[in-house]
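S.K.: Supplied in structure tokens, the structure appears directly below.
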Amino acid sequence: MVRGPAGAWAALGPLLWGCALALALPGGMLYPRESPSRERKSLDGLWSFRADFSDNRRRGFEEQWYRRPLRESGPTLDMPVPSSFNDIGQDWRLRHFVGWVWYEREVTLPERWTQDLRTRVVLRIGSAHSYAIVWVNGVDTLEHEGGYLPFEADISSLVQVGPLPVHLRITIAINNTLTPSTLPPGAIRYMTDTSKYPKGYFVQNTDFDFFNYAGLQRAVLLYTTPTSYIDDITVTTGVQQDSGLVNYQVSVKCGSQFKLEVRLLNAENKVVAEGTGTQGQLKVPGANLWWPYLMHERPAYLYSLEVRLTAPTSVGPVSDVYTLPVGIRTVAVTESQFLINGKPFYFHGVNKHEDADIRGKGFDWPLLVKDFNLLLWLGANAFRTSHYPYAEEVLQMCDRYGIVVIDECPAVGLVLPQHFSNTSMNHHMRVMEELVRRDKNHPAVVMWSVANEPASYLESAGYYFKMVITHTKALDPSRPVTFVTNANYAADKGAPYVDVICVNSYYSWYHDYGHLELIQLQLGTQFENWYKTYHKPIIQSEYGAETIIGFHQDPPLMFSEEYQRALLEQYHLGLDQKRGKYVVGELVWNFADFMTNQSPQRMLGNKKGIFTRQRQPKTAAFLLRERYWKIANETRYPRSAAKSQCLENSPFT
Ligand code: GCB
């Protein structure tokens, strides 16, 4: 997130670009909301696009495509934003493209944004997978490493000069290459046998099981703040007897003279507490707590924290207003329980992916709302953002619906010793800083996951995870931290540092396939081994079976709907033996079928979804629905409530 030496850096090469950038996190990353003092201008829509197919992928830099309109550099395509670029065209070379792609869009700014020197104009990119360089009117403005988190730059000095009207040409070059020190890691393999491969032929290798979609996959926008502005807000909450406590800390960018007022409004827009100054505690007698979906008769209660800054500037006083949704809740972990608001919480949910036909990992409101309707139908109360941070709008929906989130960073596929180097660790810590900075205020986020299935049995993984987890806890002492393991309980070097054991297993799928009768025994052993070693609560963070919708076999055979159902049933029997003891959750793999790399093991992607990629239910979805609603009925709080609102209002019951 600095202006960077794009030219010099680009000279390093098209692919081997994973040099660690010593970027300092410059301030906050509040979600850009409109307010009386802030405006937004969406840049979503059609952008000009060009993939650099030159042999070294560096023609764009050599010819400086950012200096003039992209169409003058050669043929361009229309590219929708947000979307992955891979599945949009008909050219197979674009689908598998590795290297630099170029996006460009022109925009005319409102006069008041460019004439009023009390206005600050910010360009914000929701995500660009995986390395991005941004130019505004040909001026090198911003660089960012890492594909699933936002970055932004104050571009006021570029737009508040010269004659009206102000046209901006925004050019973004994005490189999707994954190297040993990126997250996720990957490696470029050059194929040198000239009897088999053309000169210079290379492939991108990865060790994770989803397609490496790329491009501008989330919203791009411009927004304004006053020049003196609220830069960041951090909220933590607590409960004292029947009062809710909201601790706030506000960082502002302005001179030393300023006034800061804070008001907490309830869902009826009534002020329930007020404060002044950059930090403090608001007390809300009789507070409505934020409860997970189906756990309480009034789930997902949100207050609004309205922060108002007033400051004098050389061109007159300015005031900035930012309103943050706040859910009052507590999270705690004991030896055998996961507590929300002091009550035992059982995760009955799914793992997801950001994935759909055509748009790939591109953010899409219809898809998002459909997914939430399916989660509510299913009676799911939680998901893990496997295996990378999801769009901010997803977390906002979770806050509003009471869907609990295990928020995972993109550390998936750390399977080689070199993935635990100091360079990787520093980058990993920086990604955690960016993730916590972005998501810290979401009540739905109850735990950070710093990785999925790393080679945590390696000696170097012990120190690595100790450092990354300690760092994450220092960034956010209010939430537990985990990583998801598939290592043997006796060999795992990272497990001593986690608060909750999250374990993946695929009995009767990858092991002893076809032998459903072994699941209960093997699952029981797995749980007992982990628990007796660590005395920490356990979540079955993945289990599942590949199933092709419409394939039927009875007695059940692998890949049929009956086999998926039977496998889940066996897991459920095993889970029920430990549920209420120390197993605190189950997250099926996966919510929906999703795209992967091509391989003989994957038929048009991973088919372990309980819904198809088009979100149609397989037989297992109905089984899971019955189970989740049953568990919800058993664990609802307060117990005396006969039926929750959600149950009564559900059109499906
Ligand atoms: C896993 C991984 C997940 C895969 C899944 C599978 O353990 O965490 O990314 O997609 O198994 O289906 O193989």
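The values are calculated or read from the model by the stated rules, or taken from the named source; none is laboratory data. Worth saying up front: this structure is predicted, and the values here are computed from it rather than measured. Note that each Cβ is placed from the backbone with ideal geometry, even for glycine, and that neighbours are counted across all protein chains shown. Areas reflect the complete protein model, heavy atoms only, side chains present, ligands, DNA and RNA absent. Shrake-Rupley method; radii C 1.70, N 1.55, O 1.52, S 1.80 Å.
S.K.: Could you tell me the ratio Rg/Rh of region 430-474? Both radii from Cα atoms, Rh via Kirkwood.
M.R.: That ratio is 1.02, to two decimals.
S.K.: Evaluate the distance, in nm, between pseudo-label points positioned 7 Å from the Cα of residue 614 and of residue 164 along their respective Cα→Cβ axes.
M.R.: Inter-label distance under the simple model: 5.2 nm.
S.K.: Grab the other residues whose beta carbon is less than 14 angstrom from that of residue 60, score K and R as +1, D and E as -1, and report the net.
M.R.: 0
S.K.: Using θ = phi - 60° and the Karplus curve 6.51 cos²θ - 1.76 cosθ + 1.60, what whole-Hz ³J(HN,Hα) does each residue of region 126-139 get, with Gly and Pro shown as x?
M.R.: Values, residue by residue: x, 5, 9, 9, 10, 10, 10, 10, 10, 10, 10, 6, x, 9 Hz.
S.K.: In addition: Based on alpha-carbon centroids, what's the gap between region 391-444 and region 212-240 in Å, whole number please?
M.R.: About 15 Å separates the Cα centre of region 391-444 from the one of region 212-240.
S.K.: Would you list, by chain and number, the aspartates and glutamates whose Cα falls below 12 Å from the Cα of residue 532, excluding same-chain residues fewer than 8 positions away?
M.R.: 335
S.K.: Suppose R0 equals 30 Å. What FRET efficiency, 1/(1 + (r/R0)^6) with r the Cβ-Cβ distance, do residue 418 and residue 334 give to the nearest 0.05?
M.R.: Using R0 = 30 Å, I get an efficiency of 0.20.
S.K.: Would you please name the trypsin sites (Lys or Arg not before Pro) within region 201-287 that are DSSP coil residues with at most 13 other C-beta atoms within 10 Å of their C-beta?
M.R.: Listed in order of number, the matching sites are 270.
S.K.: How many angstrom lie between the Cα centre of region 463-496 and the Cα centre of region 601-640?
M.R.: What the calculation gives is 28 Å, centre to centre.
S.K.: Can you figure out the FRET efficiency of residue 513 with residue 46, using R₀ = 45 Å and their beta-carbon distance, to the nearest 0.05?
M.R.: Efficiency for this residue pair is about 0.45.
S.K.: Relative to the present Cα-Cα distance, how much length would full extension add between residue 112 and residue 257 at 0.36 nm per residue of separation?
M.R.: Using 0.36 nm per residue and subtracting the Cα-Cα distance, I get 49.6 nm.
S.K.: Calculate the dipole size of the chain relative to its Cα centre from +1 charges on Lys and Arg beta carbons and -1 charges on Asp and Glu beta carbons; express the result in debye to the nearest 20.
M.R.: 640
S.K.: OK, next. Which one of 255, 235, 210 has its Cα pushed farthest toward the positive end of the charge dipole of the chain, where Lys and Arg give +1 and Asp and Glu give -1 at the Cβ?
M.R.: The one lying farthest along the dipole's positive direction is 255.
S.K.: Something else: Run through region 163-230 and list the chymotrypsin sites (Phe, Trp or Tyr not before Pro) located in a DSSP loop whose Cβ has at most 14 other Cβ atoms within 10 Å.
M.R.: 201
S.K.: By its C-alpha gyration tensor, with a ≥ b ≥ c as the square roots of the eigenvalues, how is region 219-270 shaped: rounded for a/c under 1.5, else prolate for a/b larger than b/c, else oblate?
M.R.: prolate
S.K.: Any idea how far the Cα center of region 534-571 sits from the one of region 53-114, in Å?
M.R.: Cα centroid of region 534-571 versus Cα centroid of region 53-114: 43 Å apart.
S.K.: Additional query: Between residue 393 and residue 278, what FRET efficiency follows from the Cβ-Cβ distance if R0 is 30 Å, with the result rounded to 0.05?
M.R.: 0.60
S.K.: Separate question: Quick one: accessible area per residue over the chain, 1.4 Å probe, rounded to a whole number of Å²?
M.R.: Using a 1.4 Å probe on heavy atoms only, each residue of the chain averages 39 Å².
S.K.: If you bin the C-alpha pair distances of the chain every 20 Å from 0, what whole percents do you get?
M.R.: 18, 52, 28, 2
S.K.: Just to be sure I understand the model, the point goes 7 Å from the Cα along the line to the Cβ. What's the resulting residue 92 to residue 491 distance in nm?
M.R.: Label-label distance for residue 92 and residue 491, simple model: 3.8 nm.
S.K.: Please list, by residue number, everything in region 137-151 whose backbone N is under 19 Å from a paramagnetic label point 7 Å out along Cα→Cβ of residue 78.
M.R.: Under cut-off, by backbone N: nothing.
S.K.: Could you point to the residue in 605, 418, 628 farthest towards the positive end of region 331-636's charge dipole, with +1 and -1 charges on the Cβ of Lys/Arg and Asp/Glu respectively?
M.R.: The Cα lying farthest towards the positive end belongs to 628.
S.K.: Assign unit charges at the C-beta atoms only (+1 for Lys and Arg, -1 for Asp and Glu), then state the dipole size of region 331-636 relative to its Cα centre in Debye, rounded to the nearest 20.
M.R.: 480
S.K.: In whole percent, and with a 1.4 Å probe on the protein chains, what portion of the accessible area of region 331-636 is carbon and sulfur?
M.R.: Whole-percent figure for carbon plus sulfur exposure: 56.
S.K.: Where a ≥ b ≥ c are the square roots of the eigenvalues of the C-alpha gyration tensor, would you call region 228-326 rounded, which needs a/c under 1.5, or, failing that, prolate if a/b is larger than b/c, or oblate?
M.R.: Prolate is the answer for region 228-326, as a/c is 1.5 or above and a/b outweighs b/c.
S.K.: Give the residue from 244, 25, 49 lying farthest towards the positive end of the charge dipole for the chain; charges sit on Cβ (+1 for Lys and Arg, -1 for Asp and Glu) and the dipole is referred to the Cα centre.
M.R.: So the residue we want is 244.
S.K.: Also, quick follow-up: Let a ≥ b ≥ c be the square roots of the eigenvalues of the Cα gyration tensor of region 331-636; is it rounded (a/c under 1.5), or, if not, prolate (a/b larger than b/c) or oblate?
M.R.: Cα axes put region 331-636 in the rounded bin.
S.K.: Before rounding to the nearest 500, sum -39500 (n - 2.57) across all DSSP H runs of length at least 4 in the chain and divide by the residue total; then give [θ] at 222 nm in deg cm²/dmol.
M.R.: The helix-only estimate for the chain comes to -6500 deg cm²/dmol at 222 nm.
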